[in-house]
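The values are calculated or read from the model by the stated rules, or taken from the named source; none is laboratory data. For clarity, every value in this text was computed on a predicted model and none was experimentally measured. Please note: Cβ atoms are built from the backbone with ideal geometry, for glycine as well, and neighbour counts cover all protein chains shown. Just so you know, the surface numbers come from the protein's heavy atoms only, side chains and all, with ligands and any DNA or RNA stripped out. Shrake-Rupley method; radii C 1.70, N 1.55, O 1.52, S 1.80 Å.
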Amino acid sequence: ALFILLLGTVLATPGCVPREFPDGVVCVCNSTHCDDIEPLEGFIAPGTAVVYRTSLQGARMDKSSVKQTPKPSGVFTAELDASTVFQEILGFGGAFTDSTGINLNSLRKQTQDLLMQQYFGPSGAEYTLGRVPIASTDFALRQYSYDEVDGDFNLTNFSLQPDDFQYKIPYIKQALDLQKNNGGLRLFAAPWSAPGWMKENDEMKGGAKLRGPEGGEYYVTWANYFVKFFEAYLAEGIPFWGVSPQNEPMTGANSDWLWQTMFFDAPMERNFVKNNLSPALKSSAATKDMIIMGLDDQRWYLPSWADVLLEDKDAYDLIAGIAVHWYEDPVFPVSALTHTHEKHPDKFILSTEACQGWADRQGRGPSIGNYTRGEDYSHSIIEDLNNWVAGWMDWNMALNTQGGYTWAMNFVDSPIIVETNMGEFLKQPMYYMMAHFSKFLKPGSHVVKLTLPASIPKHVEAVGAVMVDGRRYISVQNRSDDEAVTISFHEKGVDSVYTTVSVPARSIATIIWAKY
């Protein structure tokens, strides 16, 4: 379908039902139709490469093939070195927030299923990681915990809430089922706050510490609360791979924080993991093999936060990796990630939360169809992968047109927007940008060395990898407003075979070929 966007003519992706908004174009899905991502076939013929494209001009994971040739002249050349291997990929995914479930519930069952398939099914983005909040966050209808009885140190009154059974558990189980024959889905959890009676400020909202001395009865009870949560979810058929002790712990230093949070600094987190959380997890069959991630906050705390955790021998043995968020990344050097890896090379780094529309300077809430917001996602993913990050997580997987539901009125954007009144959902550029990575870089893939020529324009960025099955992978993005670039890629040691692609302005291309 041809349609007009801004000043240009745009060719919509096959299968996409386009709808234009002031900020851009989305693909519309309903109970009877949604554009699928054409699968990567199990066999790629020798002498060819497969290319997927997304662009401002309207391509949305459009698949094509290109012939490989001898070295061309007059174009940039880049080398993929599969023998220089960097970090192993853990995966890509999003969070099972209450708001995601509430918006899914607003759709007919057939449309719910289509939306879930877009994230977890073989015709979609094929997410392999899921983040689950422990109790409520700002993206819920209310503040709730699993034990509101003051002084219940034995957690006798611990129980999951109706919110879990209505908004989280059904969709987590559906996602697990969709991925069960495609490599599986690894889940990890994090709390935003302990129940109010455990905190110094008597409420979940607002920054404060747990009551009492470190390691005291409140800390012991809080660690046991984690175990109760995981045991309750396992009883519903949902196992977990990992946990972080606290979402954005440094926001807990602000007593006026507008939604659920709780304070830990790095020494407190180290001590809690060593003395309380890890022993509690190891005491239960449901949690004894669970991995622990530290930080779960902005990268500006690196490498110092990781140093505090990992320079302690006991904590080093208990903490598998460092979790980071993307907020304010543009104002803090990405080199902090590489420095952290260099100091602690045996520990992974995982980006566990990102969203657009969170800051007033961006414009709060959804900007429907905004290509730049998607481009920012792929830029961050490429930058992170090139600096030792092992995977990348979005925040809410589905929000409404206002950017909720959020009891705290903290409206943001999401790759999929649900039009509740129309019974449909809108796939934004952010969704397709995520799919360029999540669909192909499954757990066990590895980032490898990719060398771009020094003369290539600065607005061109790329990352190289070897997929689990050995196929070669490159994603290259051109953020120029008006300058196309043509690049010919070859593999080190295979100098007679080049894959040449044109990457138009404001576009991304993913190129895949078989091992030679």
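Return a whole-number percent for the relative contact order of the stretch 191-271, with Cα pairs under 8 Å and 6 or more residues apart as the contact set.
Working: 118 pairs, mean separation 33.8, N = 81.
Relative contact order, the stretch 191-271: 42 percent.
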By the Cα gyration tensor axes a ≥ b ≥ c (a/c under 1.5 gives rounded; else a/b larger than b/c gives prolate, otherwise oblate), the shape of the stretch 86-169 is oblate
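What value, in deg cm²/dmol to 500, does the helix sum -39500 (n - 2.57) over DSSP H runs of n ≥ 4 give at 222 nm once divided by the residues of the chain? Mind showing how you got there, number by number?
Details: 11 runs with 109 residues, N = 516.
The helix-only estimate for the chain comes to -6000 deg cm²/dmol at 222 nm.
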Of the listed links LYS71/LYS492; LYS449/LYS492; LYS313/LYS343; LYS173/LYS427; LYS67/LYS515; LYS343/LYS458, those spanning more than 18 angstrom between alpha carbons are LYS173/LYS427; LYS343/LYS458
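Starting from the coordinates of the alpha-carbon atoms of the chain, obtain the Kirkwood hydrodynamic radius over all distinct pairs and give the value in Å to one decimal.
When all Cα pairs of the chain are included, the Kirkwood radius is 23.5 Å.
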Relative contact order as a percentage, the chain, C-alpha pairs under 8 Å and 6+ apart, gives 22 percent
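Rolling a 1.4 Å sphere over the protein heavy atoms, what is the accessible area per residue of the stretch 375-426, to the nearest Å²? Don't jump to the answer; show the numbers that get you there.
Numbers: 1330 Å² over 52 residues.
Value returned for the stretch 375-426: 26 Å² of accessible area per residue.
Restricting to the stretch 310-433, what percent of DSSP beta bridges are antiparallel, rounded to 5? Working shown, then result.
Values: 4 of 13 bridges.
Percentage antiparallel, nearest 5: 30.
Kindly work out what percent of the DSSP beta bridges joining two residues of the chain are antiparallel, to the nearest 5.
Details: 60 of 96 bridges.
Just about 60 percent of them are antiparallel.
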Out of ASN181, TYR171, PRO195 - ranked by how far each Cα lies towards the positive end of the dipole of the stretch 121-202, with unit charges on the beta-carbon of charged residues - the top one is ASN181
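If you place +1 on the Cβ of every Lys and Arg, -1 on the Cβ of every Asp and Glu, and leave all else neutral, what size is the dipole of the chain about its Cα centre, to the nearest 20 Debye? List each step's numbers first, then the result.
Details: 41 positive and 61 negative charges, 275 e Å.
I would put it at about 1320 debye.
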Residues whose built amide H sits under 5 Å from the amide H of VAL412, excluding neighbours closer than 5 in sequence, are GLY365
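Pop out the carbon and sulfur fraction of the accessible area of the stretch 350-391 as a percent, whole number, probe 1.4 Å. Mind dumping the intermediate values first?
Numbers: 470 of 1130 Å².
For the stretch 350-391, the apolar C and S fraction of the accessible surface comes to 41 percent.
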The local net charge around LYS343, scoring Lys/Arg +1 and Asp/Glu -1 for residues other than LYS343 whose Cβ lies under 12 Å from its Cβ, equals -3
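Let me know the charge dipole size of the stretch 211-336 about its Cα centre in debye, to the nearest 20, where only the beta-carbon of Lys, Arg (+1) and Asp, Glu (-1) is charged. Mind dumping the intermediate values first?
Working: 8 positive and 18 negative charges, 71 e Å.
Computed about the Cα centre, the dipole is about 340 debye.
When the dipole is taken about the Cα centre of the stretch 295-372, and only Lys, Arg (+1) and Asp, Glu (-1) are charged at their Cβ, what size is it in debye, to the nearest 20?
Working: 6 positive and 13 negative charges, 78 e Å.
For the stretch 295-372, the charge dipole is close to 380 debye.
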